[in-house]
Structures are given as structure tokens and as C-alpha cells.
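Take a look at the structure set out below.
The values are calculated or read from the model by the stated rules, or taken from the named source; none is laboratory data. In this text, all values refer to a predicted model and were calculated from it rather than measured experimentally. Cβ sites come from the backbone with ideal geometry, for glycine too, and all protein chains shown count toward neighbours. With ligands, DNA and RNA removed, areas are computed over all heavy atoms of the protein, side chains included. Shrake-Rupley method; radii C 1.70, N 1.55, O 1.52, S 1.80 Å.
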Amino acid sequence: MTRKWIEVSRTAALSGLYLRAARKRKISGDSLPNSGLRCQLSVDAQQLQAYRKLCHFSDDAALPTTFPHVMAFALQMQLLTAADFPFPLLGMVHLHNRIRVLRPLGGISRLRFSVHVDNLQPHEKGATCDLVTEAEDGLGLLWSETSRMLCRGLKLAGEPPATEAPEALPLSELTRWYADSDIGRRYAKVCGDYNPIHLSAASARLFGFPTAIAHGMWSKAMALAAMRSHLPVSGYEIEVSFLKPVRLPSEVILNASPAAAEGQLQLDGHGELVHMRGAWRPLS
């Protein structure tokens, strides 16, 4: 099936997109749209600097591995709040994230982004779909991301796909950090992701959380910043599964296997909590 691409000259204002998201509370279908969005987006130097500081990335010539996700956030929101997207955005859960870095992310001022949804699958708690984001420069595909999203309450025929856990490697503590009670609001201010579950205990309780929780992509960014010596400049992918949420405030511990072409990582809390588990490997 040929995908229908819609070219937009600029992304819509986030304020309007959040109003659109707030109005949609019910599932309106059980199939994904065949359309996607494309847009040329420029690096905001002020936002980039604030993001480096927030997530502890070093100030060098290359974009942080997770920064294209931030650049594309409004375009993703525009896709997921469109009339033909059948699931309410508020309440969807980010289960898994995979980023592929095909070439070095240095010397970049502008990228052409495309976003679409694909791979609707049954899940024990509803159904999942993949939000696929790709970034191109003048030479072609440079970076890509697949975010698996859970829509609770949707029932699809069939069984959830089987998953096989990789053999666990020995891990040791790399670093630890304290997730302050206001980190969700600070991340939202820089990146635009004002999901209520991250902002305060009062707004999080509206969605069934006893307290605010950290953004999963902030946790992944913090982990990648701490693992800068573990990862190559390009030609690799790094994926993580978001398990138990990081309740704010709390301390977390990043454990990782030794620096190598491939390895594993795990973000732990206290009391045997596992917040995030992942792996990196070369691109084949």
C-alpha cells in the first residue's frame, strides 16, 4: 500500500494541538490512517542549548542522539491529533523507543522530517502502534526513531506477538542521579511535552498516577548522555523499554555493560524497581 504524504510548510502551534488532544476522549476506530506528514525543520540554537543543560549532554558540534525527537515533537503531535487518527492521545502510554543513527549528527542546521504510524498489534492491555519518525539531510536518511505506543481499551483479534528477551549481560553501576519533583515541568518547558502525568501530582492523579512521573525520553536522554564513551558516533541503534515509571522525586541508578560495539543498560530505582531496560548494537 502506497503511503499518502502531506507536506506542511510549518508545524501547528502546540497550544492548539493540546486543545485538540483534550477534546478527543474516545476511540473512533480500529485501523490506522495511511497518511503521513513531512516538514522541513530547523535547529533552534536556544532550545538545543537548554536541552544539553537539562539532560547533561556535552556542548560539542554534534546534536544529542535524542534531540531530533524533540525537533519533531510538534509534527508528531500534529499527526496524532489529526481527525483520522483513531485513538485519544491523552492516556496513550509510551512502551518502547528505538533510535537509529545512520550517520554522524554534526554540522546540522536543518532536517527534513517525516512521521507516520504503522504496525497495529493486539496487546494484553489493549493495542499498540508504532510512531515512526525519520530525519533526512541532503544525502538522505540520517536518523530514525520508532516509538511503540499503547492504546488501552482497544480490542483487536488475535494474540499479542511473542517477544524473546535477550540473554542478560553483566552490568555495573555507571552513575546515578536525582529526579527532582519539578523535572517534568522543566522538560516540558524545553521540549514542549506538557503531558499532565509529568507536571504535578494533582494532574497526574487525573490519569491514575499517585504522583507525577518523569518523561521516559528524559530518562533515555540522561542515560545516553552518561554513556557517551560507550556509544559510537554513528552506525548504531539503541532501544529501550519503559517499565516502571520514575515517580517524582526519586533517585535512579544507571547500570550498563562495559563499553563495546554492543551492550545493555538498565535504569533502576530503589527497592528492586526497574524503570528502563535496553540495549545498543551496530546497524547491520
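Arrange the residues Trp5, Trp280 by how much accessible surface each exposes, largest first, with a 1.4 angstrom probe. Each step should come with its number before you reach the end.
Values: Trp5 80, Trp280 0 Å².
Ranked list, largest accessible area first: Trp5, Trp280.
Comparing Thr2, Leu248, Ala21 along the charge dipole axis of the chain, the residue lying farthest to the positive side is Ala21, per the Cβ-charge model.
Rounded, prolate or oblate: which one fits the range 169-283, using the alpha carbon gyration tensor with axes a ≥ b ≥ c (rounded when a/c is under 1.5, else prolate when a/b beats b/c, else oblate)? Because a/c hits 1.5 or more and a/b exceeds b/c, the range 169-283 counts as prolate.
If R0 equals 22 Å, the separation of the Cβ atoms of Ala157 and Asp84 corresponds to a calculated FRET efficiency of about 0.50.
Per residue, the solvent-accessible area of the chain (1.4 Å probe, heavy atoms of protein chains only, all protein chains present) comes to 50 Å².
Dipole size of the range 169-283 about its Cα centre, with +1 on Lys/Arg Cβ and -1 on Asp/Glu Cβ: approximately 280 debye, rounded to the nearest 20.
Once all protein chains are placed together, Arg110 keeps about 120 Å² accessible to a 1.4 angstrom probe. Exposure check, 1.4 Å probe, all protein chains in place: Thr65 carries approximately 20 Å² of accessible surface.
The distance from the alpha carbon centre of the range 242-281 to that of the range 1-59 is 27 Å, rounded to a whole number.
When the chain is described by a simple charge dipole with +1 on each Lys and Arg Cβ and -1 on each Asp and Glu Cβ, the residue from Thr81, Ala162, Gly36 located farthest towards its positive end is Thr81.
Taking R0 as 22 Å, what FRET efficiency do you get between Ser9 and Leu139 from their Cβ-Cβ distance, rounded to the nearest 0.05? That gives a FRET efficiency of 0.45. Considering only alpha-carbon pairs that sit under 8 angstrom and 6 or more positions apart, the relative contact order computed for the range 1-155 is 26 percent.
When each of the peptides 7-19, 158-170 is scored by how many other beta carbons lie within 10 Å of its residues on average, the order from highest to lowest is 7-19, 158-170.
When you restrict to C-alpha pairs under 8 Å that are six or more residues apart and normalise by the size of the chain, the relative contact order lands at 18 percent.
Counting Cα-Cα pairs of the chain in 10 Å increments starting at 0 gives whole-percent bin shares of 6, 28, 38, 24, 4. Only the Cβ atoms of Lys and Arg (+1) and of Asp and Glu (-1) were treated as charged; on that basis the dipole of the range 1-155 about its Cα centre amounts to roughly 520 debye. Rolling a 1.4 Å probe across all protein chains gives Thr146 an accessible area of roughly 20 Å².
The tail of the calculated P(r) for the range 1-155, taken as Cα-Cα distances beyond 19 Å, holds 56 percent of the pairs.
Separation between the Ser172 and Phe207 pseudo-spin-labels, each 7 Å from Cα along Cα→Cβ, expressed in nm? Between Ser172 and Phe207, the label points sit 3.8 nm apart.
Tell me whether the range 198-243 comes out rounded, prolate or oblate; compute the Cα gyration tensor, take square roots of the eigenvalues as a ≥ b ≥ c, and use a/c under 1.5 as the rounded threshold.
Prolate, since a/c reaches 1.5 and a/b exceeds b/c.
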